[in-house]
1. Could you please give the count of residues in the range 42-91 that are part of a loop (DSSP other than H, G, I, E, B), surrounded by 23 or more Cβ atoms within 10 Å (Cβ to Cβ) and touching a strand residue (DSSP E or B) at 6+ places or on another chain (Cβ under 8 Å)?
2. So is GLY12 assigned to a loop (DSSP other than H, G, I, E, B) and closer than 25 Å to ALA133 by Cβ or not?
3. Those residues that are β-branched (Val, Ile, Thr) and within 13 Å of the chain's Cα centre (by Cα), I need them from the range 165-223; list them, please.
4. Within the range 149-162, identify whether any single residue is in contact with a helix residue (DSSP H, G or I) (Cβ under 6 Å, 6 or more places away or on another chain), at negative phi and either outside any loop (DSSP other than H, G, I, E, B) or at pLDDT 95 or above (or both), and answer yes or no.
5. Kindly provide the set of residues from the range 213-223 that are modelled with pLDDT of 95 or more and either buried (at least 20 other Cβ atoms within 10 Å of the Cβ) or farther than 16 Å from TYR14 by Cα (or both), ordered by number.
6. Against the definition (at pLDDT below 95 and more than 15 Å from the chain's Cα centre (by Cα)), how does MET1 come out, yes or no?
7. Test ILE10 against the criterion of being among the hydrophobic types (A, V, I, L, M, F, W, C) and farther than 16 Å from LYS69 by Cβ, and give yes or no.
8. Report the residue count in the range 163-180 for those that are touching a strand residue (DSSP E or B) at 6+ places or on another chain (Cβ under 7 Å), assigned to a loop (DSSP other than H, G, I, E, B) and closer than 14 Å to TYR130 by Cα.
Amino acid sequence: MRLTYVIPDIHGRYDLLSDALSGITARSGGEAGCIVTIGDYVDKGPQSREVIDRLRLGVGAPWRLVTLKGNHDAMMVEALRDPAKMAAWLEKGGDTALASYGGDPGDVPRAHIAWLDQLLLMHVDTYRLYVHAGVDPEIPLDRQSQATLLWKRYPKGFSGGFGTLHVVHGHDNYPDGPLLHEGRSNLDTQAWRTGRLMVGVFDDDRPGGPVDFIEIRGPPAEG
């Protein structure tokens, strides 16, 4: 059985990311698979820099790591390249990301900015489509806008996916989640605040939603 493990929005919680990677290794029983992280590595939590450093290291062969871009990752890049966008980013949690680099935008390594900028917007396998926020089910994948992929929020109760593909996403947080529908799975449990991260486990040879979860627990955010 080949499995894909999906880590949702981390938002600067290096502790949860580290435990998630360890939990995946333990769950795998020595059978390597694919790990998909669906974006929002930075902002809000305290260790954005450490999260990026860890993901840039990758995972050892024969494991495969697919890192997708989230809207907060895109905002960070835009703010660091265009000072006019800095205030808006800081107000949306960028202040904690910047603090993890010492507080000076000039101290953010160019390699980190470049890594965030080149992240993929989606990943597709036989049965599923992985994306940060969502897709428009009426538009071909090659015509989806970046705004949709990074910012979309599905109508409450919407259960569709994308054709025959089950959509796996985060972005729209539900602390008591994940939210599981016939055509899509929303894995975002606002882990940076709740301390509860849910890693979805998907069978590559079986369509539909997750076959299991790895629940990671850490301290909730202070305040």
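The values are calculated or read from the model by the stated rules, or taken from the named source; none is laboratory data. What you see is a predicted model; the values in this text were computed from it and never measured. Quick reminder, even Gly has a Cβ in these numbers, built from the backbone with ideal geometry, and neighbours come from all protein chains shown.
1. The qualifying residues number 1.
2. Yes.
3. Across the range 165-223, the qualifying residues are VAL168, THR189, VAL199.
4. Taking the range 149-162 and keeping what is in contact with a helix residue (DSSP H, G or I) (Cβ under 6 Å, 6 or more places away or on another chain), we get 150-151.
Add one more test, that the residue is at negative phi, and what stays is 150-151.
After this cut, where a residue has to be either outside any loop (DSSP other than H, G, I, E, B) or at pLDDT 95 or above (or both) as well, the list is 150-151.
Within the range 149-162, one or more residues are in contact with a helix residue (DSSP H, G or I) (Cβ under 6 Å, 6 or more places away or on another chain), at negative phi and either outside any loop (DSSP other than H, G, I, E, B) or at pLDDT 95 or above (or both).
5. Here is the first cut: in the range 213-223, the residues modelled with pLDDT of 95 or more are 213-220.
Residues satisfying the conditions are PHE213, ILE214, ILE216.
6. On the way: at pLDDT below 95: yes; more than 15 Å from the chain's Cα centre (by Cα): yes.
In short, yes.
7. On the way: among the hydrophobic types (A, V, I, L, M, F, W, C): yes; farther than 16 Å from LYS69 by Cβ: no.
Taking the combined requirement at face value, the residue does not satisfy it.
8. In the first step, residues of the range 163-180 are kept if they are touching a strand residue (DSSP E or B) at 6+ places or on another chain (Cβ under 7 Å); the result is 165-170, 172, 174, 177-179.
Narrowing the set further to residues that are assigned to a loop (DSSP other than H, G, I, E, B) leaves 170, 172, 174, 177-178.
From what is left, the residues that are closer than 14 Å to TYR130 by Cα are 170.
Going through the range 163-180 one residue at a time, the tally reaches 1.
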